[in-house]
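Enquirer: Mind looking over this structure? Questions follow.
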Amino acid sequence: MKITHYCNSFIVVEAGDTVLACDPWVGLEENNAWATYPIHKDNFGLLDRINPDAIYISHLHFDHFDRKTLMELRDKNVRFFIKSFRDHRLAGRIRELGFENITECEPWSEVEISPDLSIAIVPQDTNNVAGFDADIVYDLDTSVIIRDRRTKEVFYNNVDNPLSVAGFSKIRAFALENFGTGIDICCVPVGAASEFPQCFPKLDRVSEGRRIINDALANFKNRMLALQPRTYFFAGGSYVIYGKFGSLNQYVAQPSMDELERYVADNLDMQFVHPEGGRSLTKQGDGWEMSDEFDGKRFSSRAEAVAEYKDLPYDYRVASYPLDEITTLYEKALENYFGVLGKMKVEMRWIIDFNIYDDLELTAAGDIAPGCEPLATFTLSPKSDVEIIQHLVCHMDACLFGRLLDNQHIWNQSISGTHILYEREPNAFMPDVPSSLNFLRA
């Protein structure tokens, strides 16, 4: 087995004559302020040059299901392997791109891709890494166990799956029972891959980030103790914030690779490797050896990427929305919002204010620039008297708000993708509050 890690969750696995690409993404993300790192956005056609026999897509988020990267493929007969989701939206969106060879796999079932390679898709068992209760739950994330059928090597790719520690124990038990061996190598993200804390300028983002990293490292240790892999590398949740909100990069709550490597050395009995950027891993004796054959364009540092990407415009600025049009869309969106919550029997117990701007600008410290005032505020509140559990304030450009209401942009992408700044009281993650915004569309 040969494993090549390009960026984020874009990983290629080769076994014998079979090439499997996982979550290919290169460049700027749709509906989001993220760009690939350390792989440069100008590596157009990289997936086509890799020429995979099969592609695994973990879930619908655009840093995993990147339509523009997939459309670079000339081979429209490539096989796709995805989970059999209840709503089949992912399969439908793949077909919209012109691909028809799609296998929707039942979870926890080994599926043969070729005589060289098989996979088993692992479903999520929680709605968020912290295990918070939620009434609005999506069947969204997956991860994948990949097996070299000839060498018997087993690779676990967690992607963004917010699995519990018990879920990691189940993966190890599955591999032992079905493959007769444990996990040789795995990749799991560590730290935040969301909007917190960088998008919350009223908080002490440095201390909040440190808290998140410490909690993530402790959780990572428990998950690795349950999984017991022999080798580990970091993959997933790795990006650069591009464009006018680039000053928020300094607050993204992820450990440096040096810190993560030290933590592994001090706390876990496993090999640490870092192939991100197009480097490859192959098994050599009891460990994995890294080589570098990548001939594309990549950044030498995160600072270099931030500097190069800082002036790029956001994709939502393709159209303007006058206030009267936004007001009309908002009134229609409210009907849909309360209608969906009613069908789901979810009691709304929160207030959300939307402060919309002509052009929301930030300072070098990542704060809203002085003199940058909202054009208008739209308030979303319960229809009846209830105990309010949270007040959320969202700051965003008016054209983004219009596109979100008009269903031209996807709330779920923009919520976590650094297009929106927030304030909240109390400062606590309540999953239903931001998740409910997915229903606020006309």
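Each value in this text was obtained by applying a stated rule to the coordinates, not by laboratory testing. Quantities reported herein were computed from a predicted structural model and do not represent experimental measurements. Backbone-built Cβ (ideal geometry, glycine too); neighbour counts: all protein chains shown.
Enquirer: ³J(HN,Hα) across the stretch 357-365 via Karplus (A = 6.51, B = -1.76, C = 1.60, θ = phi - 60°), whole Hz, x for Gly/Pro?
Expert: With coefficients 6.51, -1.76 and 1.60, one gets 10, 5, 7, 5, 10, 10, 7, 5, 8 Hz.
Enquirer: With a point put 7 Å past each Cα toward its Cβ, work out how far residue 44 is from residue 347 in nm, to one decimal.
Expert: That separation, rounded to one decimal, is 5.5 nm.
Enquirer: Return the long-range amide H neighbours of residue 7 (sequence gap of 5 or more, or a different chain), with a cut-off of under 5 Å between placed amide H atoms.
Expert: Amide H neighbours of residue 7: 277.
Enquirer: How big is the antiparallel share of DSSP beta bridges in the stretch 294-442, given as a percent to the nearest 5?
Expert: 60 percent
Enquirer: Ok, one more. Mind ordering 382-392, 63-73, 314-324, 183-193 by average Cβ neighbours within 10 Å, highest first? Provide the component values of the computation, followed by the final result.
Expert: Working: 382-392: 12.2, 63-73: 19.8, 314-324: 14.1, 183-193: 22.9.
Highest-to-lowest ranking by the protection proxy: 183-193, 63-73, 314-324, 382-392.
Enquirer: So for the chain, what percent of the C-alpha to C-alpha distances run longer than 34 Å?
Expert: Distances greater than 34 Å cover 32 percent of the Cα pairs.
Enquirer: Residue 425 to residue 373: extension gain in nm, 0.36 nm per residue of separation minus the Cα-Cα distance?
Expert: Taking 0.36 nm per residue and subtracting the Cα distance, the gain is 16.6 nm.
Enquirer: Enter the Cα centre distance for the pair the stretch 1-46 and the stretch 271-337, rounded to the nearest angstrom.
Expert: Comparing the Cα centres of the stretch 1-46 and the stretch 271-337, I get a distance of 11 Å.
Enquirer: Give, as a single signed number, the net charge of other residues whose beta carbon lies under 12 Å from the beta carbon of residue 384, with Lys and Arg counted +1 and Asp and Glu -1. Intermediate results must be reported in sequence, preceding the final value.
Expert: Numbers: positive: 349, 383; negative: 347, 385, 387.
Computed value for this residue: -1.
Enquirer: I would also like to ask the following. Would you tally the net charge around residue 223, using a Cβ to Cβ cut-off of less than 13 Å, leaving residue 223 out, and scoring K and R as +1, D and E as -1?
Expert: Here the charged neighbours net out to +1.
Enquirer: Spin-label point model (7 Å from Cα, Cβ direction): what's the residue 150 to residue 323 distance in nm?
Expert: For the pair residue 150/residue 323, the computed spacing is 6.8 nm.
Enquirer: Label 7 Å along Cα→Cβ of residue 272; the stretch 196-219 residues with amide nitrogen under 13 Å?
Expert: Counting backbone N atoms under 13 Å from the label point, the list is 217-218.
Enquirer: Of the peptides 4-16, 34-46, how do they stack up when ordered by the mean number of other Cβ atoms within 10 Å, highest first?
Expert: Output ranking for 4-16, 34-46: 4-16, 34-46.
Enquirer: What residues qualify as long-range amide H neighbours of residue 298, i.e. H under 5 Å apart, gap of 5 or more or another chain, H built at 1.01 Å from N?
Expert: HN-HN under 5 Å from residue 298: 40.
Enquirer: Once the piece of chain linking residue 300 and residue 336 is laid out straight, how much longer is it, given 0.36 nm per residue of separation minus the C-alpha distance between them?
Expert: That pair, residue 300 and residue 336, stretches by 8.3 nm at full extension.
Enquirer: Could you list which residues have their amide H under 5 Å from that of residue 375, counting only those 5 or more apart in sequence or on another chain, with H placed in the peptide plane?
Expert: 356, 357, 358
Enquirer: So what are the ³J(HN,Hα) numbers for the stretch 9-18, from phi and the Karplus equation (6.51, -1.76, 1.60; θ = phi - 60°), rounded to whole Hz, Gly and Pro as x?
Expert: Those phi angles translate into 9, 7, 10, 10, 10, 10, 9, x, 9, 9 Hz.
Enquirer: Now for a separate question. Any chance you could run the full-extension gain for residue 100 through residue 218? It's 0.36 nm times the residue separation minus the Cα-Cα distance, nm to one decimal. Present the calculation step by step, with values, prior to reporting the outcome.
Expert: Working: separation 118, 0.36 × 118 = 42.48 nm, distance 4.24 nm.
Residue separation times 0.36 nm, minus the Cα-Cα distance, leaves 38.2 nm.
Enquirer: Please report the antiparallel percentage of DSSP beta bridges with both residues in the chain, rounded to the nearest 5.
Expert: 65 percent
Enquirer: Hey, can you rank 156-165, 430-439 by average C-beta count inside 10 Å, highest first?
Expert: Highest-to-lowest ranking by the protection proxy: 156-165, 430-439.
Enquirer: Each residue of the stretch 236-246 in turn: what ³J(HN,Hα) in whole Hz from Karplus with 6.51, -1.76, 1.60 and θ = phi - 60°, glycine and Pro shown as x?
Expert: Taking θ as phi minus 60°, the curve returns x, x, 10, 6, 10, 7, 9, x, 5, 9, x Hz for the stretch 236-246.
Enquirer: Note down the nm distance, to one decimal, between modelled labels 7 Å out along Cα→Cβ at residue 292 and at residue 408.
Expert: Calculated label separation equals 4.4 nm.
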